[in-house]
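The values are calculated or read from the model by the stated rules, or taken from the named source; none is laboratory data. In this text the structure is predicted, and so the values were computed from the model without any measurement. Virtual Cβ from ideal backbone geometry, glycine too; neighbours counted across all protein chains shown.
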Amino acid sequence: MAKVKTQFICQNCGAVTQRWQGRCESCGEWNTILEEDPDSGIGAKAVRGMKKGRIFSLEGLTGTHAESPRMVSGLSELDRVTGGGFVAGSVILLGGEPGIGKSTLLIQACASLAQRGNRVVYISGEEAVAQVRLRAERLGLAKAPVELAAETSVEDIIATISSGSKPGLVIIDSIQTMYTDMVESAPGTVTQVRGSAQALIRYAKKSGASVILVGHVTKDGQIAGPRVVEHMVDAVLSFEGDGAHHFRILRGVKNRFGPTDEIGVFEMTGAGLSEVTNPSALFLSSRDASAAGTAVFAGMEGTRPVLVEFQALVAPSSLGTPRRAVVGWDSNRLAMVIAVLEAHAGVRLAQHDVYLNVAGGLKILEPAADLAVAAALVSSLTGAYLPSDAVYFGEIGLSGAIRPVIHAGLRVKEAAKLGFNSAYGPIKTAEPAENTPLLTLPVGHISALVTNIAQQSTSRKPAKG
C-alpha cells in the first residue's frame with residue numbers, strides 16, 4: 001500500500017515544508033506550521049484522474065469589446081478608490097485591523113446600493129444576524145433592503161445566492177471564517193482560505209456579481225493567509241487608521257480597473273463613517289504655525305494632492321546611541337535624510353534624539369517628502385520658524401541634490417487653493433505650475449535649504465493669534 005504523503009504549511013506566510021518544525025524559516029513565526037493533505041483542495045481530483053481537455057478558440061488583440069459596467073456605491077470616497085464603482089464580476093479583497101471600521105463601511109455601502117434597487121447580500125461569518133442588525137440600527141440603516149445571513153459554508157452560500165435573481169454585490173465577512181468541503185483542513189488555514197476564495201471568485205466570474213472579501217491582517221499589517229489570494233482577486237483595498245485619531249484612510253493597493261495608490265478619507269463619527277471631500281484642510285485644521293520644527297508637505301496620494309504637516313523634535317541625547325522614533329513615515333528614509341544633512345549640509349544630529357511624526361495619522365510613502373522632513377529637522381535643531389504660508393516637496397539624493405518629482409503642478413495648485421503663498425521644490429519639475437498665484441522657490445541642493453532656514457533662525461517668534 002502506498003504511503004500517504006502529507007505536507008506542512010505555514011499559516012502565516014504559506015511556506016511549504018516536508019516536515020514539521022516549531023519555527024517557520026521563511027517568516028520566522030513560531031507555532032504556525034500545520035500538517036495538511038496535498039491532495040485536498042480544488043484541482044486535486046484532476047491530478048488523480050486526468051481527463052482530456054476541451055479545445056477552445058483563440059482570438060487576436062484587435063476586436064470590439066464592451067466597457068465593463070460599473071455599479072456606483074453612492075460613497076464618493078469609496079468609488080474614487082475602486083476607480084468609479086464596482087465592476088460587474090470583479091472580486092475585491094478588503095483588509096484592515098480589527099475595529100478599524102471595515103464592517104461599518106460595508107454596511108453603509110450595502111445600504112446605499114440596496115436603496116437604489118440593487119440586490120445586495122451580506123454574509124457574516126463572524127457575527128450573528130442580530131449583531132449585524134444592531135450595527136445597522138445604530139447607523140440608521142435598518143430599513144435598507146439588504147439580504148442578511150450568518151453562514152460559513154461556501155457551497156451553501158453559492159447555492160443560496162444563486163437561487164434568486166443575480167445579486168449586484170455580495171459581501172463575505174470574512175474570508176478567514178469560510179470553509180469548503182473540497183478542502184480537508186480546518187477553517188482559517190492557508191488551504192481553506194485559498195480554496196474558499198477560489199470558489200467565490202469562480203462564482204463572481206460566471207454570474208457577473210461583484211464580491212467583496214473581508215480579510216484579517218497580521219501584526220505587521222499584511223492580510224492574513226496566503227499571498228496568492230491577493231493575486232487572484234481584481235483589487236486589494238487596505239483600510240488604515242489609528243485608534244487615537246478619528247480619520248480612516250481607504251487605500252487602493254491593487255486595482256485592475258482603476259489607479260493604484262488612490263486613497264479615500266473618512267471620519268469616524270457617532271453616526272458611522274462620514275466622507276471627507278477636502279482632506280488637506282482637515283489634516284491642517286489643528287496646525288500650529290508658530291511652532292518650530294513643523295513643515296507642510298505637498299504630497300500626492302494616487303491622483304489626489306494632499307497637504308499634511310510633518311512635525312520634528314530634535315533634542316540633545318544623553319544616550320550613547322541617540323534615539324530615532326518615526327510615526328507615519330519610513331524610518332530608513334529618515335536615517336538617509338539625517339546622513340545627507342550631516343555629510344553635505346554640516347547639520348550635526350549625531351548627538352541628538354530625533355522624533356518625527358505625521359500629523360493626523362496619515363502614512364506617507366512617497367520619497368517626495370524628503371525636503372519637508374529635512375526642513376522640519378533643521379527648523380527644530382536651530383529654533384528657526386519656517387514660513388507659515390510655505391509648502392515643501394522634493395526627493396533628496398545621496399549627493400544632496402534635490403531631485404524632481406511627479407505631479408508638481410497639482411501639488412502647487414492644491415497649496416494655492418488652501419491659501420499658501422510659496423512652495424519650495426526642485427529646480428527642474430516634470431510639470432511646471434502655471435496660472436497659479438503661488439511663488440515657486442526652486443531648491444537645487446540641500447545646503448541651499450539649510451542656509452535659507454539658518455538665515456531665519458534670528459528672526460522674532462511670530463505672535464500667536
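Take the conditions loosely packed, with under 14 Cβ neighbours inside 10 Å and either assigned by TED's automatic domain parsing to the domain that holds residue 266 or part of a loop (DSSP other than H, G, I, E, B) (or both) and apply them to residue 104. Does it pass? It is false that residue 104 is loosely packed, with under 14 Cβ neighbours inside 10 Å and either assigned by TED's automatic domain parsing to the domain that holds residue 266 or part of a loop (DSSP other than H, G, I, E, B) (or both). Against the conditions (1) in contact with a strand residue (DSSP E or B) (Cβ under 8 Å, 6 or more places away or on another chain); (2) more than 27 Å from residue 363 (Cβ to Cβ); (3) in contact (Cβ under 8 Å) with a residue 24 or more places away in the chain, residue 171 satisfies every one except (2). Does residue 87 satisfy the criteria of being surrounded by fewer than 24 Cβ atoms within 10 Å (Cβ to Cβ) and among the β-branched types (Val, Ile, Thr)? Spelling it out, residue 87 is indeed surrounded by fewer than 24 Cβ atoms within 10 Å (Cβ to Cβ) and among the β-branched types (Val, Ile, Thr).
Would you be able to say whether some residue in the stretch 378-390 is in contact with a helix residue (DSSP H, G or I) (Cβ under 7 Å, 6 or more places away or on another chain), surrounded by fewer than 23 Cβ atoms within 10 Å (Cβ to Cβ) and β-branched (Val, Ile, Thr)? The answer is yes; a qualifying residue exists. Looking across the stretch 165-196, the residues that are under 18 Å from residue 110 (Cα atoms) and of a type outside the set (Val, Ile, Thr) come down to 165, 166, 167, 168, 169, 173, 174.
Only residues that are modelled with pLDDT under 75 and exposed (fewer than 12 other Cβ atoms within 10 Å of the Cβ) were counted in the stretch 18-51, giving 7. Comparison of 142, 111 shows that the only residue that is hydrophobic (A, V, I, L, M, F, W, C) and part of a helix (DSSP H, G or I) is 111. Please determine, by comparing only the residues of the stretch 239-256 that are part of a loop (DSSP other than H, G, I, E, B) and charged (D, E, K, R), which one is surrounded by the fewest Cβ atoms within 10 Å (Cβ to Cβ). Here the residue is 256. The residue that is surrounded by the most Cβ atoms within 10 Å (Cβ to Cβ), among those in the stretch 280-316 that are part of a loop (DSSP other than H, G, I, E, B) and under 19 Å from the mean Cα position of the chain (by Cα), is 302. Output the residue which, of all residues in the stretch 257-279 that are in a loop (DSSP other than H, G, I, E, B) and without any contact (Cβ under 8 Å) to a residue 12 or more places away in the chain, is surrounded by the most Cβ atoms within 10 Å (Cβ to Cβ). Only one residue fits best here, namely 278.
Counting the residues of the stretch 388-413 that are small (Gly, Ala, Ser) and more than 14 Å from residue 447 (Cβ to Cβ) gives 4. Of the residues 126, 137, which single one is farther than 26 Å from residue 256 by Cα, free of Cβ contacts under 8 Å to residues at least 60 places away in the same chain, of a type outside the set (Phe, Trp, Tyr) and not in a helix (DSSP H, G or I)? The conditions single out 126.
Taking the stretch 391-407 as the range and being touching a residue at least 60 places away in the same chain (Cβ under 8 Å) and surrounded by fewer than 18 Cβ atoms within 10 Å (Cβ to Cβ) as the test, the residues that pass are 398, 406.
Within the stretch 345-362, the residues that satisfy the criterion of being surrounded by fewer than 19 Cβ atoms within 10 Å (Cβ to Cβ) and either outside the structural domain of residue 406 (by TED's automatic domain parsing) or out of contact with any Leu (no Cβ under 9 Å at 6 or more places or on another chain) (or both) are 346, 350, 351. Restricting the first member to the stretch 184-203 and to residues that are farther than 16 Å from residue 215 by Cβ and touching a residue at least 12 places away in the same chain (Cβ under 8 Å), and the second to residues that are assigned to a helix (DSSP H, G or I) and small (Gly, Ala, Ser), the beta-carbon pairs closer than 9 Å and six or more apart or on different chains are 185/195.
Restricting attention to the stretch 159-181 and to residues that are of a type in the set (A, V, I, L, M) and either crowded, with 19+ Cβ neighbours inside 10 Å or not assigned by TED's automatic domain parsing to the domain that holds residue 213 (or both), the residue that is farthest from the chain's Cα centre (by Cα) turns out to be 161.
Residues in the stretch 168-216 that are touching a helix residue (DSSP H, G or I) at 6+ places or on another chain (Cβ under 6 Å), modelled with pLDDT of 95 or more and not hydrophobic (A, V, I, L, M, F, W, C): 203 alone.
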